[in-house]
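Written out below as structure tokens is the structure these notes cover.
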Amino acid sequence: MSDELEVLIEKRDGLGLITLNRPKAINALNHSMVKAMAKALEEWKSDDDVKAVVLTGAGERGLCAGGDIVSIYHDAKDGKTGSLDFWREEYILNSEIANYPKPYVAIMDGIVMGGGVGVSAHGDIRIVTERSMIGMPETGIGFIPDVGGTYLLSRAPGELGTHIALTTARLSAGDAIAAGFADHFIPSENIETFIAALASSSVADAVAQYAEPAPVSELLAQQSWIDAAYSADDVSTIVDRLRSSGIPEAEKAAEQILGKSPIALSVTLRSLRHAKEAAGLEEVLNEEFRVSTAALASHDLVEGIRAQVVEKDRNPKWSPATLDEVTAESVDAYFAPLGDNELGLTPQPQGN
């Protein structure tokens, strides 16, 4: 019964409709929601009555604020491993979405963070609106971008993805399209009629009818200083370059980075560099699972969620406390093989 309440699954007019339905939590994902989505997608693969899938979020605030991090906090704090089961099925779902044999239309209206990116930005028709605010906020809670986020970030133009990951920058509709997280802009007032059009015409025709020119990306306009600073392969050098650039936006970015978990920043940068060289999404998801497994046992994940979400004092005590104290060995540990516990996804011939 909880699956039905938290994810509304409906088949109507040739469409498979998935509505994330926890509006009070901005539709934050939990394990049962992932299971419900995976079950529906599997059934619809061979259902000739479903020509396309449409993902939306209930309420006015957004598609999905990410994973249920309070649940992850209690899991990590108590030394439990239930979050690993959640992540395993979530990452498998991310791969399924990227390789889905039918059009998968994600309505990325409002807030779309972390796990919300995972269930939307791997689709092949990704719609943003003037209300869209998209991001990967993980380093701010002592975590590392996952759900295939490092794959998407590493393939953004130049070093935009590195900037987004390390600062936890929020992307507007124009930014999201420029960075490769979305494809089309449709004003929010036209979303309902767009979905209705999907039922009566082809996906391509509906997009052509309702999509409008993408708004200008302020982030893309700053690519020159972003590329110059973020091309370094250690976070301290990136911060030094930002601080000495003489550009106010760059200096602000440096301060934003310095507020994040030093170990999470360092692991994130290495993850992005690995992801850029990876053959495909599945290879990246396999490595992200290793990293997330290590993060669950880390000090900074518990401390980051405590400070930002649970007690909300906004004053995390990171360990190590500074970038200079992060060792190569401590970063290496996040990438350690998991033996029989590996995610074990095999590369797919197609995907975003």
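For this structure, a couple of remarks:
- Scanning the range 197-228 for residues that are without any contact (Cβ under 8 Å) to a residue 12 or more places away in the chain and not charged (D, E, K, R), we see that the one that is nearest to A254 (Cα to Cα) is S224.
- The range 6-19 residues that are more than 14 Å from A199 (Cα to Cα) and in a strand (DSSP E or B), paired with ones that are hydroxyl-bearing (S, T, Y) and open to solvent by less than 40 Å² (accessible area, probe 1.4 Å) (beta carbon under 6 Å, 6 or more apart): L8/T19; T19/T56
- Test: residue in the range 124-144 that is among the basic types (K, R), within 27 Å of D234 (Cβ to Cβ) and either assigned to a loop (DSSP other than H, G, I, E, B) or modelled with pLDDT under 95 (or both): no
- Among the residues making up the range 270-290, those that are hydrophobic (A, V, I, L, M, F, W, C) and surrounded by fewer than 22 Cβ atoms within 10 Å (Cβ to Cβ) are A278, A279.
- Qualifying residue in the range 24-42 (condition: touching a Gly at 6+ places or on another chain (Cβ under 6 Å) and either in a helix (DSSP H, G or I) or surrounded by fewer than 21 Cβ atoms within 10 Å (Cβ to Cβ) (or both)): no
- In this entry, T150 passes the filter for residues that are in contact with a Leu (Cβ under 6 Å, 6 or more places away or on another chain) and closer than 24 Å to I305 by Cβ.
- The number of residues in the range 328-341 that are open to solvent by 50 Å² or more (accessible area, probe 1.4 Å) and either in a helix (DSSP H, G or I) or closer than 18 Å to E90 by Cβ (or both) comes to 7.
- Meets criteria (assigned to a loop (DSSP other than H, G, I, E, B) and under 14 Å from the mean Cα position of the chain (by Cα)) for P157: no
- Pairing residues of the range 231-247 that are farther than 15 Å from P262 by Cβ with residues that are not in a helix (DSSP H, G or I), at Cβ distances under 8 Å and at least 6 apart in sequence or on separate chains, gives S231/E159; R241/A232.
- Any hit, the range 240-253, residues being of a type in the set (D, E, K, R), farther than 13 Å from T167 by Cα and surrounded by 15 or more Cβ atoms within 10 Å (Cβ to Cβ): yes
- Flag for N94 being open to solvent by 30 Å² or more (accessible area, probe 1.4 Å) and farther than 23 Å from S172 by Cβ: no
- Failed criterion for V302 (all others in (1) more than 15 Å from A264 (Cα to Cα); (2) open to solvent by 10 Å² or more (accessible area, probe 1.4 Å) hold): (1)
Condition check ((1) in a helix (DSSP H, G or I); (2) under 19 Å from the mean Cα position of the chain (by Cα)) across all residues:
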{"site": "I191", "(1), (2)": "yes, no"}
{"site": "V207", "(1), (2)": "yes, no"}
{"site": "P215", "(1), (2)": "no, no"}
{"site": "A229", "(1), (2)": "yes, no"}
{"site": "D233", "(1), (2)": "no, no"}
{"site": "V239", "(1), (2)": "yes, no"}
{"site": "I257", "(1), (2)": "yes, yes"}
{"site": "S266", "(1), (2)": "yes, yes"}
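- The residues of the range 203-233 that are acidic (D, E) and open to solvent by 70 Å² or more (accessible area, probe 1.4 Å), listed by number, are D205, E212, E218, D233.
- The set of residues in the range 121-140 being of a type in the set (D, E, K, R), within 17 Å of N94 (Cα to Cα) and surrounded by 24 or more Cβ atoms within 10 Å (Cβ to Cβ) consists of R126 alone.
- The residue of the range 97-111 that is surrounded by the fewest Cβ atoms within 10 Å (Cβ to Cβ), among those that are assigned to a strand (DSSP E or B) and touching a Ser or Thr at 6+ places or on another chain (Cβ under 6 Å), is I107.
- Filter result (open to solvent by 10 Å² or more (accessible area, probe 1.4 Å) and of a type outside the set (D, E, K, R)) within the range 141-161: I141, F143, Y151, L152, S154, P157, G158
The values are calculated or read from the model by the stated rules, or taken from the named source; none is laboratory data. Predicted model, so just to flag it, every value in this text is computed and none were measured. Note that we place each Cβ from the backbone using ideal geometry, even for glycine, and neighbour counts take in every protein chain shown. These area figures cover heavy atoms from the full protein model, side chains too; ligands, DNA and RNA do not enter into them. Shrake-Rupley method; radii C 1.70, N 1.55, O 1.52, S 1.80 Å.
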